[in-house]
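Each remark here refers to the structure printed beneath this line.
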Amino acid sequence: MEQITIPIKEASFPQPFPGGLEFNAPARGMWNIVHTGMLLPEAHQIFVCARGCLRGVILTAAEMNAMDRMSWVGIEENDFFDSSMEENVIEGVTDILNKLSGKPPVVLVFVSCVQLFAGIDFPECLRELSKRFPHTTFVDCYMNPTMRKSGLTPDQLMRRQLFVPLKNTAPLEKNAINLLGSDFAADRSCELFTWLDENKIICREITKCSSFSAYQEMGKSSLNMTWIPQAVAAAESLENRLGQKHLHLPISYGEEEIENNYKLLAQALDLNVPDFSEARQSAGQALAHALKIIGNTPIALDYTAAPRILSLTRRLLEAGFNVTQVFADLFIPGDRKDFEFLQKNFPSLKITPTLHVNMRFANNGHLDEKILAVGQKAAFFTGSVNFVDLVWGRGFYGHSGVAAIAGLMIEAFRNPKDIESVITHKGWGCESCL
Amino acid sequence: MKGFLKQLSPFAPDNSGVVSALFELGGLIAICDAGGCTGNVCGFDEPRWFTMRSAVFSTGMRDMDAILGRDKLLVEKIVSAQNSVKAPFIVLVGTPVPAVIATDFKALRRMTEKQTGVPVLTVESTGVNYYDKGASKAYEMLFDTFAVEKLPVDQESVGVIGATPLDFSSCCAGRYIGEAVKGKAHVYGMGSGLEEIKRASANKINLVVSPSGIAAAKLLEKRFGTPWQIDVPYFPEELLAALPALEGKRVLVIHQQFAASALRKKLIACRAADVAVGTFFMTEKSLFMAQDRIFKEEDDPAAAAKEFNADVVIADRHFKKVLRDFKGTFIDFPHFAVSGRLWEAK
């Protein structure tokens, strides 16, 4: 069965392929709501869901050795119809909290699509729980994959709810900013952080918070910087609630956009626009060095590798790499400029879906030539053991991020990996007991 | 509180059981969900997902599909997929959302059959029951649909119903069971495919290796007069090697009932003092003994071990967590539907 592939010149934006039944490739490095929720220090997660929904989330917590921060209530068929939905949440959560040895400062309470379809009064549940446990902050959370294409997606919602417990307890600190929305700790070797340090600007991020009190410090920062569109809703909510300004500086792999982001940040912080020419040159040199080694080897990328996959594709193509294929089902609005550029300048670049039913039978494991894959799904579909295990950008940013990816490409080109053992590890970067 | 679990992770749900029973049979399996359930089924409950290319897909249900009941759109998606896959049959698998919005699976079956011309099985799993219930429905529907022709009985032919990795915690269980059976064994869904299912009437006998196989075996008995018996002919050597040392001991075995009961026979043969069986899953009355227990809550295994005064517990090591006061010997007996752990990974 042939792959469904089209040249980018024939692809429509933002959705190049029609919807249909969906294949779920066994690449598990991308994070889910459980992983993201675990970023909130000392928070306890309680899922009130059907068994079918619970199995995956609880085993996720088990795999990451975090079962002590997770509890759940399994609902049964009659619970949908006997007016006990709210009672299940209230009494279930109460019972769990009464049995925990210490009371967590924050409880993330999750319900799923079925309760929402059945009309659960979730706010009332949380009001009652707040009365019963006045020293605990309850956050409404949602495992609702049916909302992937309307309103805020579950991913956007989770990233927003993660910051609901932040409170405005003191005047905002002008010399402190937050980075919101990244699953991974930002790579602090990036020129951005060197510049912030030089100007004595503190940059807080949840991935660096080891306690709930450290997390609360984020409420004092005067500005929230977001790198991915999925975090924008969180920042907008905080701007409304706490008065923290929001600046969206999307991850980019293009020189011009990177530096434009820095200019915007400099303006917002009332600082001089920095000179990043050294970092820019280093990135260029890293790419040139990688090109010498990788040469004309075909390269395939997939959308899970980086938040702006077309930006990365464009940068690699402009640097002379032989990028032949991008695996993606949907592009984000921020991809449009790069999409149009690639259509015009690299019209034969192949776009291949990951969800299409034919991809179940993709020709993985039978390579006619060496391919360098960037991303877990690209590795799975091409069957290339030479792959960069890059998930959602890994916290790389700016010129140094480009250089880091170039380094990873060389490493992957030289050293094959076992695809199954690497890509079936759930939640890249998380602890795993498997 | 009912349904409250703190130590044990939830067991594999019925929709996973459906997929597990049908995974190797070449059908197009469409899970009626938004992608989350399919992710759970394939990512946690189907150890063959990486190595075998079965056509299991999500229907990609969205909120407006559920609210407006867009059955026509769903059928269009399935027909389009079937045009690519060209599967001999199609399966629609229920999940919590279709259960709540009362999806009309019969209508979906009729519409899909009409447009694709292949048999369509609709298994109305709900995601709130355990895997064995889903597998049971799937086996019954499978044999009801395909085992229709009465063939001469082959005296060597033995059908094996109820073998899944969820029950036997091995991707190779079909081969092991087949080798342990006397005669020409057909381990349905784990080595034996759709053509063998169509020829099920030729079996001299059907062996039922887990409770999920009972309904299908009864159907075949009624339809063709094929006798059936409960038997689990295979246990890993590692487990069997541990049994002789249990002479004189009181042993509690926690697993699916047929495996646990078959192990009881072996333990009694090794002169164990007494053996009780405990299970969270479906049970068959004929195997049930006075000391056996059906578990509902996670405190039940500990209570059963205490009440039975067990010296030894044989169970998935996942249960160790809830056997708080048990001070005796614990022997690991993986149950994939419980812990997601295979013998191969042990």
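The values are calculated or read from the model by the stated rules, or taken from the named source; none is laboratory data. Computed from a predicted structure; not experimentally measured. Reconstructed Cβ throughout: ideal geometry from the backbone, glycine too, with neighbour counts over all protein chains shown. Protein only, heavy atoms only, side chains kept; ligands, DNA and RNA dropped before computing areas. Shrake-Rupley method; radii C 1.70, N 1.55, O 1.52, S 1.80 Å.
Considering each residue of the stretch A:365-375, count those that are without any contact (Cβ under 8 Å) to a residue 40 or more places away in the chain and crowded, with 16+ Cβ neighbours inside 10 Å, and give that number.
Summing the residues that are without any contact (Cβ under 8 Å) to a residue 40 or more places away in the chain and crowded, with 16+ Cβ neighbours inside 10 Å in the stretch A:365-375 gives 0.
Scan the stretch B:45-55 for residues that are within 8 Å of chain A (Cβ to nearest Cβ) and buried (at least 23 other Cβ atoms within 10 Å of the Cβ) and jot them down.
B:ASP45, B:ALA55 - these are the residues of the stretch B:45-55 that are within 8 Å of chain A (Cβ to nearest Cβ) and buried (at least 23 other Cβ atoms within 10 Å of the Cβ).
Restricting to the stretch A:18-74, and then to whatever is basic (Lys, Arg) and modelled with pLDDT under 90, can you tell me which residue is nearest to A:LEU152 (Cα to Cα)?
Residue satisfying both the conditions and the ranking: A:ARG28.
Scanning the stretch A:31-53 for residues that are within 11 Å of another protein chain (Cβ to nearest Cβ) and closer than 20 Å to A:LYS99 by Cβ, which turns out surrounded by the fewest Cβ atoms within 10 Å (Cβ to Cβ)?
Result: A:ILE46.
Can you confirm whether A:ARG414 is on the phi < 0 side of the Ramachandran plot and open to solvent by 60 Å² or more (accessible area, probe 1.4 Å)?
Taking the combined requirement at face value, the residue satisfies it.
Would you confirm whether any residue within the stretch A:88-97 is more than 7 Å from every other protein chain (Cβ to nearest Cβ), in contact with a Leu (Cβ under 8 Å, 6 or more places away or on another chain) and open to solvent by 40 Å² or more (accessible area, probe 1.4 Å)?
Checked against the condition, which is being more than 7 Å from every other protein chain (Cβ to nearest Cβ), in contact with a Leu (Cβ under 8 Å, 6 or more places away or on another chain) and open to solvent by 40 Å² or more (accessible area, probe 1.4 Å), the stretch A:88-97 yields no hits at all.
Within the stretch A:187-283, which strands (runs of 3 or more DSSP E) (wholly inside it) include 3 or more residues that are at pLDDT 95 or above and open to solvent by less than 40 Å² (accessible area, probe 1.4 Å)?
Hits in the stretch A:187-283: A:202-205, A:221-226.
In this structure, does A:ALA25 turn out to be touching a helix residue (DSSP H, G or I) at 6+ places or on another chain (Cβ under 6 Å), of a type outside the set (Val, Ile, Thr) and more than 8 Å from chain B (Cβ to nearest Cβ)?
Criteria met by A:ALA25.
For the stretch A:301-323, which residues satisfy the criterion of being polar (S, T, N, Q) and without any contact (Cβ under 8 Å) to a residue 40 or more places away in the chain?
A:THR313, A:ASN322
Of the conditions (1) farther than 26 Å from B:HIS335 by Cα; (2) in contact (Cβ under 8 Å) with a residue 40 or more places away in the chain; (3) among the aliphatic types (A, V, I, L, M); (4) facing chain A (nearest Cβ under 7 Å), B:MET61 fails just one. Which one is it?
For B:MET61, the exception is condition (2).
Which residue pairs have Cβ atoms closer than 9 Å, lie 6 or more positions apart in sequence or on different chains, and pair a first residue in the stretch B:239-253 that is assigned to a loop (DSSP other than H, G, I, E, B) with a second residue that is open to solvent by 30 Å² or more (accessible area, probe 1.4 Å) and of a type in the set (S, T, N, Q)?
These pairs meet every condition: B:LYS249/B:THR329.
Provide a single number: the residues in the stretch A:387-434 that are away from chain B (no Cβ under 14 Å), outside any helix (DSSP H, G or I) and free of Cβ contacts under 8 Å to residues at least 60 places away in the same chain.
Residues flagged as away from chain B (no Cβ under 14 Å), outside any helix (DSSP H, G or I) and free of Cβ contacts under 8 Å to residues at least 60 places away in the same chain within the stretch A:387-434 amount to 4.
Can you tell me which residue in the stretch B:161-200 is surrounded by the most Cβ atoms within 10 Å (Cβ to Cβ), limited to those that are modelled with pLDDT of 95 or more and at positive phi?
Here the residue is B:GLY162.
For (1) among the charged types (D, E, K, R); (2) surrounded by fewer than 20 Cβ atoms within 10 Å (Cβ to Cβ); (3) away from chain B (no Cβ under 14 Å); (4) under 30 Å from the mean Cα position of the chain (by Cα), each residue gets a yes or a no:
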{"site": "A:LEU100", "(1), (2), (3), (4)": "no, yes, no, no"}
{"site": "A:VAL109", "(1), (2), (3), (4)": "no, no, yes, yes"}
{"site": "A:SER112", "(1), (2), (3), (4)": "no, no, no, yes"}
{"site": "A:PHE117", "(1), (2), (3), (4)": "no, yes, no, yes"}
{"site": "A:ILE120", "(1), (2), (3), (4)": "no, yes, no, yes"}
{"site": "A:PRO123", "(1), (2), (3), (4)": "no, yes, yes, yes"}
{"site": "A:PHE133", "(1), (2), (3), (4)": "no, yes, yes, no"}
{"site": "A:THR136", "(1), (2), (3), (4)": "no, yes, yes, yes"}
{"site": "A:ASP140", "(1), (2), (3), (4)": "yes, yes, yes, yes"}
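Looking at B:ALA99, B:ALA163, B:ALA81, B:ALA87, can you tell me which residue is in a loop (DSSP other than H, G, I, E, B) and within 14 Å of chain A (Cβ to nearest Cβ)?
Within the list B:ALA99, B:ALA163, B:ALA81, B:ALA87, the selection yields B:ALA87.
Scanning the stretch B:45-78 for residues that are among the small types (Gly, Ala, Ser) and assigned to a loop (DSSP other than H, G, I, E, B), which turns out farthest from A:GLY151 (Cα to Cα)?
That would be B:SER54.
So that you can scan it fast, the table gives a plain yes or no per residue for (1) part of a helix (DSSP H, G or I); (2) open to solvent by 10 Å² or more (accessible area, probe 1.4 Å); (3) modelled with pLDDT of 90 or more:
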position	(1), (2), (3)
B:LEU8	no, no, no
B:ASN15	yes, no, yes
B:VAL18	yes, no, yes
B:ALA34	no, no, no
B:GLY43	yes, yes, no
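Among the residues of the stretch A:189-214, which ones are more than 23 Å from A:ARG394 (Cα to Cα) and charged (D, E, K, R)?
A:GLU198, A:LYS200
Which of the residues spanning the stretch B:302-342 are small (Gly, Ala, Ser) and not in a helix (DSSP H, G or I)?
Listed by number, the residues that qualify are B:ALA310, B:ALA315, B:GLY328, B:GLY340.
On the basis of being farther than 20 Å from B:VAL209 by Cα and among the acidic types (Asp, Glu), does B:ASP299 make the cut?
Yes; evaluated as a whole, the condition is true for this residue.
Please determine, by comparing only the residues of the stretch B:286-299 that are modelled with pLDDT of 95 or more and over 22 Å from the mean Cα position of the chain (by Cα), which one is least open to solvent (accessible area, probe 1.4 Å).
The extreme case among them is B:GLN291.
Scan the stretch A:252-270 for residues that are of a type in the set (S, T, N, Q) and either touching a residue at least 12 places away in the same chain (Cβ under 8 Å) or in contact with a Ser or Thr (Cβ under 6 Å, 6 or more places away or on another chain) (or both) and report the count.
Qualifying residue count for the region: 2.
Among the candidates A:ARG204, A:ARG188, which residue alone is out of contact with any Lys or Arg (no Cβ under 8 Å at 6 or more places or on another chain), away from chain B (no Cβ under 14 Å) and farther than 26 Å from A:PRO105 by Cα?
Result: A:ARG188 is the single residue among A:ARG204, A:ARG188 that is out of contact with any Lys or Arg (no Cβ under 8 Å at 6 or more places or on another chain), away from chain B (no Cβ under 14 Å) and farther than 26 Å from A:PRO105 by Cα.
How many residues does the stretch A:54-70 hold that are outside any helix (DSSP H, G or I) and more than 10 Å from chain B (Cβ to nearest Cβ)?
Residues meeting the conditions: 3.
When you scan the stretch A:157-183, how many residues do you find that are over 11 Å from A:SER221 (Cα atoms), open to solvent by less than 40 Å² (accessible area, probe 1.4 Å) and not hydrophobic (A, V, I, L, M, F, W, C)?
So the answer is 6.
Would you call A:VAL57 assigned by TED's automatic domain parsing to the domain that holds A:GLU128, of a type in the set (A, V, I, L, M) and within 19 Å of A:LEU126 (Cβ to Cβ)?
No: the conditions fail for A:VAL57.
Could you tell me whether the stretch A:108-117 includes any residue that is without any contact (Cβ under 8 Å) to a residue 60 or more places away in the chain and over 27 Å from A:ILE228 (Cα atoms)?
Yes; the residues of the stretch A:108-117 include at least one that is without any contact (Cβ under 8 Å) to a residue 60 or more places away in the chain and over 27 Å from A:ILE228 (Cα atoms).
Counting just the residues of the stretch B:78-104 that are open to solvent by less than 40 Å² (accessible area, probe 1.4 Å) and free of Cβ contacts under 8 Å to residues at least 24 places away in the same chain, which one comes out farthest from B:THR122 (Cα to Cα)?
Selected residue: B:SER84.
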